[in-house]
Amino acid sequence: MRFVRLLCLCALLTACSAPYEHAEDVFALLDLDRPGLEEVKSNCDKGRWKQASEALLEYYRGRQGVYIPGQEDCTASSKDSLWADDALKHTFHVLEDPVWNYGRDIDWEYWPVKDIEMRVQLHRQGWWTSLGKVYRTTGNTKYAREYVHEFRDWVRKNPYKPFGIDQQGTVSSGSIPVDAPNECFAWRPLEVGIRLLRWPRQFSLFLDSGYFTPGFLLEFLQAYHQNASVLMESFSPSGNHLIHQSSGILRAGICFPEFKDAESWIKAGVDNLNAEITRQSCPDGCHFELDPGYHIGFVESYNDAIQVALRNGRRDLFPRELLEQLVRMTNYYLDYRYPDGTHPCFSDARRHDDLADDELLNDIDSLCDSRVEASSKSSGHPASGFYTFRSGRTDDSIIMPVKATERGMWHAQPDFGTFELWAYGKVLMPDAGAYTYSGDEEIERQRAYFKATARHNALTLDDRDYDDPHPAVLEWNPAAGRLVVEHEAYNGLTRRRTVEFKDGQYFVITDEVRGPASGRLTLRNGLGRGLLEEIGPGEFLYRDGGAGLRIQVSGPAGSKVSIDKDWFSEAMHEKQERPVIRADAERAPGSGSQRFVTVLRPFAIDTE
């Protein structure tokens, strides 16, 4: 009953005309015997709640010895200014695009496009950080006033209610039906964990504002405690959501040690993180989602948790084995990263998410004796199935990451053997990417389209998705520039892909199929934003800025090679049309082995 009473207290505080009427319940959450809280405790003992609240605010404004991540980064960027000024009009950037206005009287349930990601991101309140940075940069109190207004409005209109939605599937946003009640979006455990991560920084940015009153401090502390209490009762059982939640509850305990529950929060977060790093990563360092974007998120979440612990004197929380695995995972990512700081759009990855900023890499590099070292040569990880051919790490290098993994988790795709090609500063052959996550029928249709095997640089039978592959690595010889992998693409059809990096300058890709299955075989090679022209039978020339690509495609007897059009996506809700070279051939009953050969010759274009 005490837990339920505390959950309801936040709404009572904000609705009440007397801001200190329920202050006693808030102070009961705090360990008032901590050094520095003597004046607060004295006033509480006398029932002087207004004076106690004023003393508590002064305590937090002068508090020493607690580091909040991001508290020193107060300079607003042009993007922060845009997001903050739009927020004054209640136009919220929940993601980069689309941007919606939520009305003068904020409608936290407004949802014109039924994409789950757009709905849940609203309740992570990322733009509040932009409001804080612009306030600290300009000194204009209108941004602080707006933050306090929106915070109170969100708390009042989004009360916590226990709900029965099965959260066992929280490795994806698809675990919430589109017609679920609002609390299923606002109080999904992932969103709770992310609020616990973000609210401390926002707290530090606005703390010196006149709008951050003693009464509002009580509201903030109660709301924050409520989020932590809810999360302690509703951790996801596994998956990437659990990592964000665990990092959030750990930060709650470290950044607000005044709460009586702080140490139990820290223990819960650390216990989860120590257990999950082995459950959610392969020994070679690959995250089990088999998705570069989620790999980044995993590493960043762990590094954030470790750094907040280290900066607050809690080096004891993480064992050496965890730190070494984090270094291993960082090196794994750097193996397929491009020179411009982007990475392949395999699975649900977005092009411009990036792990490798210098500060973060230096943080990870300093954790133990293992080193963060980016290989300048071809590298492979047969245990998980990512391989990268590369001539170097400079802009004029030639790089081909190949994804030859198991099917993977929800964020992965049926794309065995797909690849991207980077050369001379351009991604010449991007993967299909992922246009959206999940939502109503139209959103699900769009997701299925981009996820399909036929959208990838792959070979299909009747354009069907691959069955679950059980890949075999027949050969991996980075010195010779040769990879041979095989899988049963469909019932009755085995496909073998051989990739050869000839002299570190061009690629020969051979796709061979065998087995009793029959139907239409189609090999696709998708290009990017540039221009493609056919210069002869099965021969093509592609140009994109200062990079070019000569392409030759041949198939079995009777095959047809042509140019088609399709789509690829590198960011949420953004797609671009692109040319695709396709080779079609019939596979009749009783056919023996059939072979397709693709030759890719990148070259630099003199743009002067």
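Figures for the structure shown
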item	result
Answer residue from the stretch 451-473, given it is more than 20 Å from TRP567 (Cβ to Cβ) and at pLDDT 95 or above and is surrounded by the fewest Cβ atoms within 10 Å (Cβ to Cβ) among those	ASP462
Residues (more than 22 Å from CYS255 (Cβ to Cβ), part of a helix (DSSP H, G or I) and of a type outside the set (Asp, Glu)) located in the stretch 45-84	TRP49, LYS50, GLN51, SER78, LYS79, SER81, LEU82, TRP83, ALA84
Odd one out for ARG251, checked against (1) touching a residue at least 60 places away in the same chain (Cβ under 8 Å); (2) closer than 15 Å to SER229 by Cα; (3) surrounded by fewer than 21 Cβ atoms within 10 Å (Cβ to Cβ)	(3)
Sole residue being of a type in the set (A, V, I, L, M) and in contact with an Asp or Glu (Cβ under 6 Å, 6 or more places away or on another chain), chosen from ALA448, ALA454	ALA454
Among residues of the stretch 279-303, those that are in contact with a helix residue (DSSP H, G or I) (Cβ under 7 Å, 6 or more places away or on another chain) and hydrophobic (A, V, I, L, M, F, W, C), counted	4
Within the stretch 480-511, considering residues that are acidic (Asp, Glu) and buried (at least 17 other Cβ atoms within 10 Å of the Cβ), the one nearest to ALA432 (Cα to Cα)	ASP511
Residue selected from the stretch 92-137 under the condition among the small types (Gly, Ala, Ser) and not in a helix (DSSP H, G or I), by the criterion surrounded by the most Cβ atoms within 10 Å (Cβ to Cβ)	GLY126
Search result, residues across the stretch 161-198 that are at pLDDT below 90 and under 18 Å from the mean Cα position of the chain (by Cα)	GLY169, THR170, VAL171, SER172, SER173, GLY174, SER175
Extreme residue, farthest from LYS560 (Cα to Cα), among residues of the stretch 588-608 that are under 40 Å from the mean Cα position of the chain (by Cα) and of a type in the set (Ser, Thr, Tyr)	THR607
Residue in the stretch 427-450 that is surrounded by the most Cβ atoms within 10 Å (Cβ to Cβ), counting only those that are within 24 Å of ILE399 (Cα to Cα) and modelled with pLDDT of 90 or more	ALA432
Selection from the stretch 251-287 of residues that are assigned to a loop (DSSP other than H, G, I, E, B) and of a type outside the set (Phe, Trp, Tyr)	PRO257, GLU258, LYS260, ASP261, GLN280, CYS282, PRO283, ASP284, GLY285, CYS286
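The values are calculated or read from the model by the stated rules, or taken from the named source; none is laboratory data. Because the structure is a prediction, the values reported are computed rather than measured. Quick reminder, even Gly has a Cβ in these numbers, built from the backbone with ideal geometry, and neighbours come from all protein chains shown.
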